[in-house]
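I have a structure here, written as structure tokens, and I will follow up with some questions on it.
Every read-out reported here was derived from the displayed coordinates using simple, explicitly stated rules and does not represent laboratory data. Here the structure is a predicted model, which is why all the values come from computation and not from measurement. Glycine gets a Cβ as well: all are built from the backbone with ideal geometry, and neighbour counts include every protein chain shown.
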């Protein structure tokens, strides 16, 4: 069965979305993907018992191996995406750095080995941050942050800043997901669950917006009818690949556009 969609009318069943970081919200999208569910069933069958095949299936969806049971929510199990998919993953390595100063203590939980990389998590709820400790590890050296010079540098810097805040005992919510975006994603997946359970767009609209509001308008031309249809359409897009967008910073946000920052500074210098 994988996901019980029969209780989609209850908004409270989706309240746990408010506690999830971006990687957890992305998982809530992927686990509703029927193709992923079929791949996981194949992993569990005798057809796919060897580790390379499991790794290939996990990699296809952006996850670490082995794939995660789609019956599990992001609260039930730790969610680890490949670092190139979740650019908010902070990559660390034990290397010699001159005059590094006093190192900060890190105590990750939910440790997991994938190939030669050790993964873990620090922080809880929206403050959770995935870590990846790269080989080779020289235990005589402190941990240092590794930032590959790619297009993902803005994402990496956000993750590193969040890690520093956590280590200093400060809140570090995952700001890749704004409250409005989180709320809309919740509604999108709830609407998709309704469709999966056989509900019509009108029934979904009544559950989300209230029956009184729906009855006040002619349904055929109601703005809420089109809003509901958009929720379903956008939700399906997130389920079928759009979840990866949740694992990146919004490039339209001026905070993550270096050229925009440079221009603003120049204006201030005039």
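Using a Debye calculation, one point per C-alpha and no hydration shell, please list log10 I(q)/I(0) for the stretch 110-190 at q = 0.26 Å⁻¹ in order.
-1.30
What's the exposure ranking of 97, 90, going from fewest to most Cβ atoms within 10 Å?
Exposure proxy ranking, most exposed first: 97, 90.
Using Cα atoms only, what is the angle between the long axis of helix 223-239 and the major principal axis of the chain, expressed in degrees (0 to 90) to the nearest 10?
Taking the Cα atoms of the chain, the angle to 223-239 is about 40 degrees.
At 0.36 nm per residue, minus the direct Cα-Cα distance, what do residue 141 and residue 226 gain on full extension? Give it in nm, one decimal, please.
Gain on extension, residue 141 to residue 226, equals 24.8 nm.
Something else about it: In nm, to one decimal, how far is the modelled label at residue 69 from the one at residue 104, with both set 7 Å along Cα→Cβ?
In this crude spin-label approximation the distance works out to 3.5 nm.
Could you please tell me the mean projected area of the C-alpha convex hull for the stretch 16-169, averaged over all directions and given in square nanometres to one decimal?
Orientation-averaged projected area of the Cα hull: 10.1 nm².
At 222 nm, what value in deg cm²/dmol follows for the chain if DSSP H runs of at least 4 each add -39500 (n - 2.57) and the sum is divided by all its residues, to the nearest 500?
-12500 deg cm²/dmol
Specify the angular offset, from 0 to 90 degrees and rounded to the nearest 10, of the alpha carbon long axis of helix 153-167 from the longest principal axis of the alpha carbons in the chain.
Approximately 80 degrees, to the nearest ten.
Quick one: order 174, 152, 124 by neighbouring beta-carbon count within 10 Å, fewest to most.
Starting with the residue having the fewest Cβ neighbours, the order is 124, 152, 174.
Would you calculate the separation in nanometres between label points at residue 150 and residue 18, each defined as 7 Å from the Cα along the Cα-to-beta-carbon direction?
The modelled label-to-label distance comes out at 3.5 nm.
Kirkwood Rh, Cα Rg: Rg to Rh for the stretch 179-247?
The Rg/Rh ratio comes out at 1.00.
Rounded to two decimals, what ratio of Rg to Rh does the chain give with C-alpha atoms and a Kirkwood Rh?
Over the Cα atoms of the chain, Rg/Rh equals 1.03.
Any chance you could give the angle, 0 to 90 degrees and rounded to 10, that helix 179-196 forms with the longest Cα principal axis of the chain?
50 degrees
OK, next. List the relative contact order of the stretch 131-234 as a percent without decimals, with contacts defined as Cα pairs under 8 Å and 6+ residues apart.
19 percent
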